[in-house]
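Participant: First, the structure itself, so that you have it in front of you.
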């Protein structure tokens, strides 16, 4: 029987699409794109094995040019609330690397960064994930070798549709792991680019879905201290120099979002 997963803030749900292609059954929660409201959504307890989401990231982005609106933190709190109410075995949140750390009582947490190029893609697209497991399992993420620098493509951004020299719709979709004839009827071209650009590239979602299917007890493997999912050996604590830099940034930028605060 397929494993039932709840997808929050789905948009056109490229994250959920990747999980579906790995055998999960995905139920999509409310989204403003379709007139839904997370604030009035209350999931049943014990029905979902997992909860996945890509919450809005503008407030946490280094590219932000204005003061944070507060909505980013509010929606993270709503995500935590839904997890607490649904009580899944595990959850996965996608966002930018500077997103605050989630704290959900009863779940062992793991943070990891994953570039689309590590998943067999040519697009330079770094995304951040937080994985929580009620049984204390962790993800060991299998990465592939990156393409040569000259073969890498710029990140697919939601704003590309409004640019004069944008890539073709077919190329843009393929860089996000979609078929070149992917269609979103009823949307303007700019809105279609935004919807696809806001999503998690499908092959990245597939890598994470497979890692969740193969998650192991935390004591069965020793992983990099940054939570990237890379095994370490000997006296190592971090797998790469990038991991050390990531931990330094995290100590500087991180601010916990707790399940206790979400319930107030």
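Participant: Can you name every residue in region 16-27 that is in a loop (DSSP other than H, G, I, E, B) and touching a strand residue (DSSP E or B) at 6+ places or on another chain (Cβ under 6 Å)?
Facilitator: Listed by number, the list holds a single entry, 24.
Participant: Please enumerate the residues belonging to region 217-264 that are under 29 Å from residue 81 (Cβ atoms), in a helix (DSSP H, G or I), under 19 Å from the mean Cα position of the chain (by Cα) and modelled with pLDDT of 80 or more.
Facilitator: Within region 217-264, 247 is the sole residue that qualifies.
Participant: Residues being more than 20 Å from residue 71 (Cα to Cα) and crowded, with 23+ Cβ neighbours inside 10 Å: count how many of those fall in region 91-106. First the steps, then the outcome.
Facilitator: Going through region 91-106, the residues more than 20 Å from residue 71 (Cα to Cα) turn out to be 91, 105-106.
Going one step further and asking which of them are crowded, with 23+ Cβ neighbours inside 10 Å, we end up with 91.
Summing the residues that are more than 20 Å from residue 71 (Cα to Cα) and crowded, with 23+ Cβ neighbours inside 10 Å in region 91-106 gives 1.
Participant: Hey, another quick one. Right, residue 59: closer than 27 Å to residue 177 by Cβ, modelled with pLDDT of 90 or more and crowded, with 18+ Cβ neighbours inside 10 Å or not?
Facilitator: It is false that residue 59 is closer than 27 Å to residue 177 by Cβ, modelled with pLDDT of 90 or more and crowded, with 18+ Cβ neighbours inside 10 Å.
Participant: Those residues that are under 22 Å from residue 127 (Cβ atoms) and crowded, with 17+ Cβ neighbours inside 10 Å, I need them from region 33-56; list them, please. Spell out the reasoning first.
Facilitator: Residues of region 33-56 under 22 Å from residue 127 (Cβ atoms): 33, 38, 50-56.
Matches in region 33-56: 38, 50, 51, 52, 53, 54, 55, 56.
Participant: Also: Filter region 179-214 down to residues that are surrounded by 22 or more Cβ atoms within 10 Å (Cβ to Cβ) and farther than 16 Å from residue 18 by Cα, then give me how many there are.
Facilitator: Selection size over region 179-214: 1.
Participant: Here's another thing I want to ask about it. Given (1) touching a residue at least 24 places away in the same chain (Cβ under 8 Å); (2) in a loop (DSSP other than H, G, I, E, B); (3) surrounded by fewer than 19 Cβ atoms within 10 Å (Cβ to Cβ), where does residue 30 come up short, assuming only one miss?
Facilitator: Here residue 30 clears every test but (1).
Participant: Condition test on residue 101, is it at pLDDT below 90 and touching a helix residue (DSSP H, G or I) at 6+ places or on another chain (Cβ under 7 Å)?
Facilitator: No; evaluated as a whole, the condition is false for this residue.
Participant: I'd like to verify a number: residues in region 147-178 that are touching a helix residue (DSSP H, G or I) at 6+ places or on another chain (Cβ under 7 Å) and closer than 20 Å to residue 19 by Cα, how many?
Facilitator: Residues in region 147-178 being touching a helix residue (DSSP H, G or I) at 6+ places or on another chain (Cβ under 7 Å) and closer than 20 Å to residue 19 by Cα: 4 in total.
Participant: Sticking with this structure for a sec: For residues that are in contact (Cβ under 8 Å) with a residue 24 or more places away in the chain and out of contact with any helix residue (DSSP H, G or I) (no Cβ under 7 Å at 6 or more places or on another chain), scanning just region 10-22, find the one that is surrounded by the fewest Cβ atoms within 10 Å (Cβ to Cβ).
Facilitator: Among those that are in contact (Cβ under 8 Å) with a residue 24 or more places away in the chain and out of contact with any helix residue (DSSP H, G or I) (no Cβ under 7 Å at 6 or more places or on another chain), it is 13.
Participant: Now a separate question. Residue 142 is checked against (1) more than 21 Å from residue 11 (Cβ to Cβ); (2) assigned to a helix (DSSP H, G or I); (3) in contact (Cβ under 8 Å) with a residue 60 or more places away in the chain and fails just one. What number does that condition carry?
Facilitator: For residue 142, the failing item is (2).
Participant: Please go through region 114-131 and pick out each residue that is assigned to a helix (DSSP H, G or I) and out of contact with any strand residue (DSSP E or B) (no Cβ under 6 Å at 6 or more places or on another chain). I'd like the intermediate steps shown before the answer.
Facilitator: Kept after step one, since they are assigned to a helix (DSSP H, G or I), are these residues of region 114-131: 116-119.
Once the filter is applied, which keeps residues that are assigned to a helix (DSSP H, G or I) and out of contact with any strand residue (DSSP E or B) (no Cβ under 6 Å at 6 or more places or on another chain), region 114-131 yields 117, 118, 119.
The values are calculated or read from the model by the stated rules, or taken from the named source; none is laboratory data. If you're wondering where the values come from, they're calculated on a predicted model, not measured in any experiment. In this analysis, Cβ positions are derived from the backbone assuming ideal geometry, glycine residues included, and neighbour counts consider all displayed protein chains.
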